[in-house]
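The values are calculated or read from the model by the stated rules, or taken from the named source; none is laboratory data. Note that this is a predicted model, so its numbers are computed, not measured. Neighbour counts are summed over all protein chains in view; Cβ atoms, including those assigned to glycine, are modelled from backbone coordinates with ideal geometry.
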């Protein structure tokens with residue numbers, strides 16, 4: 001079979017054919033030129049020279065995928081960052097507010113802001129809370145006809161954000177009929193169920209009736225999945241090198257603090273000794289953070305659900321020997337509940353050979369982010385509402401706690417009657433919950449058709465918005481009246497059974513801050529574009545094709561961090577308000593012109609070139625070219641290559657966030673220019689401890705990130721019905737926008753002299769810790785594709801593999817510094833986790849009305865996180881392993897279409913019920929996933945799916 005016919009056949013049976021060869025027309029059909037993602041030139045579909053992966057609606061349905069987030073997670077080319085809802089399920093700072101309920105794509109591991117997301121070839125609005133990254137939940141996934149993934153840079157075609165690649169969601173357009181679909185996905189172990197219903201209708205035929213009207217509406221409900229609903233979520237596995245680092249426990253932990261004569265003070269007459277705690281008998285070790293349940297003769301930490309002994313060896317903190325810890329991972333929500341309603345309405349009118357259309361796309365998405373209850377800690381700061389917070393001697397549990405302390409530390413008897421300073425996980429307060437509502441829409445009016453001499457045009461005008469609001473749903477409270485409930489003994493942080501009196505609960509309910517608005521943001525995108533393409537002149541090898549055009553965009557962003565007045569914000573404990581970053585509508589205009597040419601040099605060899613010039617408000621102009629070549633020396637082999645430059649402009653937040661100035665609170669910082677050792681030593685001149693102001697926030701002088709990249713590869717059909725493809729690629733990004741950690745900034749102060757601000761005398765008074773354009777990253781890899789089809793029995797067997805192998809992934813702080821070590825297969829806390837190899841394999845068998853599909857997903861293992869006690873050699877746990885295991889899952893579906901107008905699909909996700917592999921990672925404030933990795937694995941386990949599709953006419 002000829003190569004082009006083979007690819008066409010694979011498309012017919014539902015396999016997404018490889019780039020450049022996809023969806024070729026069979027003989028006898030008119031070879032119409034169409035536009036594909038990554039080019040403005042209309043061409044016959046088997047002429048492309050770029051690595052383009054096409055996933056059809058049938059592929060999506062057979063795999064039981066019902067959201068854009070689920071689809072993106074199956075792509076081997078997608079990175080492993082904190083871009084999904086499971087990874088964003090824990091505590092984040094106000095500046096990370098865009099993670100509230102948003103999920104995004106991350107091609108090539110370049111970051112969500114470097115992946116361009118299109119809907120029908122045009123941009124959509126960025127998420128209203130971050131103003132820079134598209135939330136995939138706004139995509140009307142139920143109406144998607146196919147998805148085209150361009151795994152190559154495309155700034156020469158589309159402008160900013162296309163460094164990692166482009167994902168183009170293409171909706172159904174010319175549809176006549178009425179069909180309904182119901183989908184359910186039920187987990188075997190409970191929790192995390194997903195359901196969706198959709199209705200699609202259309203009437204009119206563009207060929208016959210000269211018009212078409214199409215509408216689609218869908219509603220989906222992804223229910224909550226809690227950590228305590230999965231056995232693999234268990235942070236207390238010290239034998240494997242993991243334990244949780246928190247002494248904020250449901251049964252409170254007692255602390256000594258320097259500002260208060262408390263029951264745990266070693267010497268309450270000596271202010272210096274107040275914060276040190278008692279000496280462990282028989283040793284010289286001062287103890288602090290004592291949970292009396294862990295003391296000899298007491299009930300034990302595990303007598304309270306979710307508690308266990310704090311592992312002071314793993315965390316290298318000997319003073320915490322008598323502490324308890326609490327499993328925050330099991331309290332986390334590992335699948336956020338999401339309810340979304342999406343709608344599409346499109347009308348198309350054929351006027352001669354021209355088509356004019358209007359399209360409305362809208363979404364209403366509500367996400368409930370839920371994570372561990374607030375931790376209440378006695379404070380030494382006079383400005384804190386919990387200054388000298390302490391449980392009084394009149395409290396119901398005081399004597400039992402104090403007597404347990406004295407039994408182990410007899411010298412504390414002199415402190416009887418003094419209050420108990422503490423750290424308490426307020427379980428009666430309930431999980432902290434933030435509800436985020438995102439309302440997005442886009443209205444597009446456009447036209448396309450022929451011009452003259454074989455030229456065509458397309459044009460459109462649109463406006464897109466994302467209006468998003470977050471509010472405190474539950475678990476937050478007004479600080480000072482809450483503190484009073486502890487100081488007067490109403491609330492009992494030392495409840496043995498975890499309960500509170502009815503009076504205490506009534507008083508607690510009276511100080512809740514439920515329903516208070518956190519903040520809101522709105523991103524507005526107005527755009528207009530025009531493109532014309534067609535033949536220029538004829539060469540012996542064929543027509544020289546060209547495209548020219550221009551577009552104009554106006555982006556506006558408004559963020560209201562003061563939706564709740566500042567005075568009220570100050571009274572609510574630990575709510576992630578973000579008033580400092582309030583923006584009163586910032587705007588930028590983008591004007592661009594572009595051109596592209598496709599030249600058939602000789603038979604079977606063609607080259608193309610594209611160039612785009614963008615002019616940005618505040619940045620000036622940037623010009624980015626792209627060159628590609630396609631060579632098919634014989635029917636069975638295609639060779640291709642491309643090289644390009646790209647760029648990404650800073651987000652509005654990175655530019656315009658407010659500047660926060662706060663004094664350095666530690667005592668371990670010295671002036672790096674005056675103290676070569678970098679260690680505080682008052683006896684050495686220049687090595688005195690300093691507390692300069694630290695500046696964080698936006699920086700209007702940030703420039704765009706820039707990239708240089710190349711791709712080359714081949715597609716080969718060694719025998720009929722088999723295609724093998726490989727594409728080698730490299731992305732080198734410079735001027736990366738990054739917030740260098742303060743410790744790295746100080747270590748490398750000679751590289752960042754402008755960030756160290758001095759007064760007239762030369763004293764260091766401030767350190768600018770805002771983002772800088774300084775770093776460089778390099779990422780190299782190879783994409784592998786293998787597909788084939790053969791007759792088997794009375795049907796046909798088809799298979800396809802898509803995989804990505806990382807060859808290199810490194811970075812450096814500035815371009816003049818040496819490249820850092822390899823980041824492939826190495827744990828990182830909050831950036832992209834570079835897995836050496838990822839793949840998916842789909843095998844389908846179709847016979848008559850039956851189609852069966854089996855899918856394998858594979859993600860390589862990597863070097864695990866290491867806790868301090870293991871890292872410094874203090875302990876080697878008996879079951880500790882340095883590496884996280886590979887993660888392999890299988891899905892299976894079977895479809896039947898033998899009933900009139902009715903289609904049925906039954907599937908099993910995670911057929912073998914494979915748990916995520918164990919990881920010694922602990923869910924600190926920069927990411928979720930205690931004992932497992934949400935950037936890699938799916939926590940739901942085995943699930944049963946049923947899809948019913950009925951076509952009324």
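For segment 485-505, does any single residue satisfy the condition of being modelled with pLDDT under 95, in contact with a helix residue (DSSP H, G or I) (Cβ under 7 Å, 6 or more places away or on another chain) and surrounded by fewer than 18 Cβ atoms within 10 Å (Cβ to Cβ)? Yes - at least one qualifying residue is present in segment 485-505.
All told, residue 877 falls short of being loosely packed, with under 14 Cβ neighbours inside 10 Å and farther than 29 Å from residue 912 by Cα. In segment 356-375, of all residues being modelled with pLDDT of 95 or more and farther than 20 Å from residue 102 by Cα, the one that is surrounded by the most Cβ atoms within 10 Å (Cβ to Cβ) corresponds to 359. When the residues of segment 605-615 are narrowed to those that are in contact (Cβ under 8 Å) with a residue 60 or more places away in the chain and buried (at least 16 other Cβ atoms within 10 Å of the Cβ), which ends up nearest to residue 50 (Cα to Cα)? My answer is 608.
Quick check on my filter: what residues within segment 745-768 are within 29 Å of the chain's Cα centre (by Cα) and either exposed (fewer than 14 other Cβ atoms within 10 Å of the Cβ) or in a strand (DSSP E or B) (or both)?
Residue satisfying the conditions is 768 alone.
Where strands (runs of 3 or more DSSP E) fall wholly inside segment 292-351, the ranges with 1 or more residues that are surrounded by fewer than 24 Cβ atoms within 10 Å (Cβ to Cβ), in contact with a strand residue (DSSP E or B) (Cβ under 9 Å, 6 or more places away or on another chain) and modelled with pLDDT of 90 or more are 307-309, 338-351. The conditions of being over 30 Å from residue 282 (Cβ atoms) and modelled with pLDDT under 95 are met by residue 433. Only one of the numbered conditions (1) over 35 Å from the mean Cα position of the chain (by Cα); (2) crowded, with 20+ Cβ neighbours inside 10 Å; (3) part of a strand (DSSP E or B) is violated by residue 395, and that is (3).
Under 7 Å between Cβ atoms, which residue pairs at least 6 apart in sequence (or on different chains) link something in segment 798-818 that is without any contact (Cβ under 8 Å) to a residue 24 or more places away in the chain with a partner that is assigned to a strand (DSSP E or B)? Every condition considered, the pairs that remain are 818/812. Checking every residue in segment 575-598 against the condition of being under 30 Å from the mean Cα position of the chain (by Cα) and at positive phi gives at least one match.
Listed by position, the strands (runs of 3 or more DSSP E) contained in segment 409-507 that have at least 3 residues being under 30 Å from residue 121 (Cβ atoms) are 432-450, 456-474.
Yes/no matrix, rows are residues, columns are (1) within 30 Å of residue 735 (Cβ to Cβ); (2) crowded, with 24+ Cβ neighbours inside 10 Å; (3) in the same structural domain as residue 524 (by TED's automatic domain parsing); (4) in contact with a helix residue (DSSP H, G or I) (Cβ under 8 Å, 6 or more places away or on another chain):
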site: 113; (1), (2), (3), (4): yes, yes, yes, no
site: 129; (1), (2), (3), (4): yes, yes, yes, yes
site: 137; (1), (2), (3), (4): no, yes, yes, yes
site: 153; (1), (2), (3), (4): yes, yes, yes, no
site: 167; (1), (2), (3), (4): yes, yes, yes, yes
site: 189; (1), (2), (3), (4): no, no, yes, yes
site: 210; (1), (2), (3), (4): no, no, yes, no
site: 218; (1), (2), (3), (4): no, no, yes, yes
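Of the residues making up segment 787-794, one or more are free of Cβ contacts under 8 Å to residues at least 60 places away in the same chain and not in a strand (DSSP E or B). Do we have residue 618 as under 31 Å from the mean Cα position of the chain (by Cα) and at positive phi here? Spelling it out, residue 618 is indeed under 31 Å from the mean Cα position of the chain (by Cα) and at positive phi. Checking each residue of segment 140-149 against the condition of being part of a strand (DSSP E or B), over 18 Å from residue 70 (Cα atoms) and in the same structural domain as residue 705 (by TED's automatic domain parsing) gives no match. State yes or no: is residue 686 on the phi > 0 side of the Ramachandran plot, part of a loop (DSSP other than H, G, I, E, B) and either free of Cβ contacts under 8 Å to residues at least 60 places away in the same chain or in contact with a helix residue (DSSP H, G or I) (Cβ under 8 Å, 6 or more places away or on another chain) (or both)? Yes; evaluated as a whole, the condition is true for this residue.
Within segment 620-643, being crowded, with 18+ Cβ neighbours inside 10 Å and more than 17 Å from residue 154 (Cβ to Cβ) holds for 632, 638. Against the test of being part of a loop (DSSP other than H, G, I, E, B) and crowded, with 19+ Cβ neighbours inside 10 Å, the options 647, 594, 577 yield a single qualifying residue, 577.
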